[in-house]
1. Pick from the stretch 201-229 the residues that are of a type in the set (A, V, I, L, M) and surrounded by fewer than 20 Cβ atoms within 10 Å (Cβ to Cβ): which of them is nearest to VAL259 (Cα to Cα)?
2. Consider PHE208 carefully, then state whether it is at pLDDT 85 or above and aromatic (Phe, Trp, Tyr).
3. Considering only the stretch 98-137, how many residues are modelled with pLDDT of 90 or more and of a type outside the set (A, V, I, L, M, F, W, C)?
4. Pairs needed: first member in the stretch 56-76, under 17 Å from PHE215 (Cα atoms); second member anywhere, among the polar types (S, T, N, Q) and assigned to a helix (DSSP H, G or I); C-beta distance under 9 Å; at least 6 residues apart or different chains.
5. If VAL111 satisfies every condition in (1) farther than 30 Å from GLY199 by Cβ; (2) surrounded by 14 or more Cβ atoms within 10 Å (Cβ to Cβ); (3) free of Cβ contacts under 8 Å to residues at least 40 places away in the same chain but one, which is the exception?
6. Name the residues in the stretch 89-123 that are polar (S, T, N, Q) and in contact with a Phe, Trp or Tyr (Cβ under 8 Å, 6 or more places away or on another chain), would you?
7. Please report, ordered by residue number, the helices (runs of 4 or more DSSP H) entirely within the stretch 1-75 with at least 1 residues that are under 29 Å from VAL222 (Cβ atoms).
8. For residues that are aliphatic (A, V, I, L, M), in a loop (DSSP other than H, G, I, E, B) and either over 30 Å from LEU200 (Cβ atoms) or touching a strand residue (DSSP E or B) at 6+ places or on another chain (Cβ under 7 Å) (or both), tally how many sit in the stretch 92-145.
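The values are calculated or read from the model by the stated rules, or taken from the named source; none is laboratory data. Everything quoted here is computed from the prediction, not taken from an experiment. Neighbour counts run over all protein chains shown; Cβ positions are idealised from the backbone, glycine included.
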Amino acid sequence: MVTSPGRRRLTALLTYAVLLGFAGYCLVPFLWMVDTSVKPTPEIRSTHPTFLVPHPTLEHFARVVKDTSFLVFCRNSAVVALGSTIATMVLAVFASYAMSRWHRQMGVRVVAAALLVSQMIPGVLLLVPLYMLMKDLGLLSTYGALILTYTTFMLPICVFLLKGFFDGIPVELEEAAEIDGCSRLGILFRVLMPLSLPGLLSTWIYAFIGAWNEFMFGYVLVNTEARRTLTPGILLFKGLYATDWGSLMAAAVLAVIPVALLFLYLQRFLVEGLAAGAVKG
């Protein structure tokens, strides 16, 4: 069916209008958060709030960085997120490779079914059992408790994500490498992983952001300020009878910046990896 140029322009205009509407809907909360973080306290408490800030200030950011343990929370979140991401990726690479290449084996099918069923159980139902388990292991208020928990919950999704990339790589490449004398581990690390670089990066980003932003387990399993992570730490700005909205929004902005910059930096490598994979294919 041939469409006229005017109809195509109208369709494109409507499409971009809808996309801009969704983008605006998603960006308004973030923009309001940034706007509130630079407002003086009297303007934040005004009964007629606006986006315009006649006299922006950085006093809330200074208070968060100098007068609180925000930097300690950032360090703790970085340690936990990196630790859980590394553990998740190591386990996910081997598990996804086995599920991709030996998917007909009964044991592999059972493990895949178990991973799938585990995603149907809400994490809040496992909160008390995990708390008791970590208490018996002596891991409460430690990095180990959060790293084990985040790895457990991130692993199934990461395995299925990587399995999809490994499924797209022809088995003939492995057979050719095996004929050349490459071991099974050599095939995995020298053939499959370089070709699956976009999948590895996207899975790594997913696992890291999930651990960085997690709140519930970080709030329950850690009770000391020295090991508290970022998202539960931000909650400390909300008091019982009053809330320091300026500091709360400033802390939230500072918490978002590292993840946003990391994603923007790695996005370039994701595009390059996808383009390289398309050329090789």
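1. Our first condition is that a residue be of a type in the set (A, V, I, L, M); within the stretch 201-229, this holds for 201, 205, 207, 209, 211, 216, 220-222, 226.
Checking which are surrounded by fewer than 20 Cβ atoms within 10 Å (Cβ to Cβ) leaves us with 201, 205, 209, 216, 220, 226.
Values: LEU201: 14, ILE205: 9, ILE209: 7, MET216: 19, VAL220: 23, ALA226: 22 Å.
Of everything passing the filter in the stretch 201-229, ILE209 is nearest to VAL259 (Cα to Cα).
2. yes
3. So the count comes out to 4.
4. The qualifying pairs are PHE73/THR231.
5. The one condition VAL111 does not meet is (1).
6. SER96, SER100
7. Values: elements: 5-37, 41-44, 59-67.
The helices (runs of 4 or more DSSP H) meeting that bar are 5-37, 59-67.
8. Taking the stretch 92-145 and keeping what is aliphatic (A, V, I, L, M), we get 92-93, 95, 98-99, 106, 108, 110-117, 120-121, 124-128, 130, 132-134, 137, 139-140, 145.
Pick out the ones that are also in a loop (DSSP other than H, G, I, E, B) and you get 120-121, 139-140.
From the residues that got through so far, the ones that are either over 30 Å from LEU200 (Cβ atoms) or touching a strand residue (DSSP E or B) at 6+ places or on another chain (Cβ under 7 Å) (or both) too are 140.
Of the residues in that region, 1 qualify.
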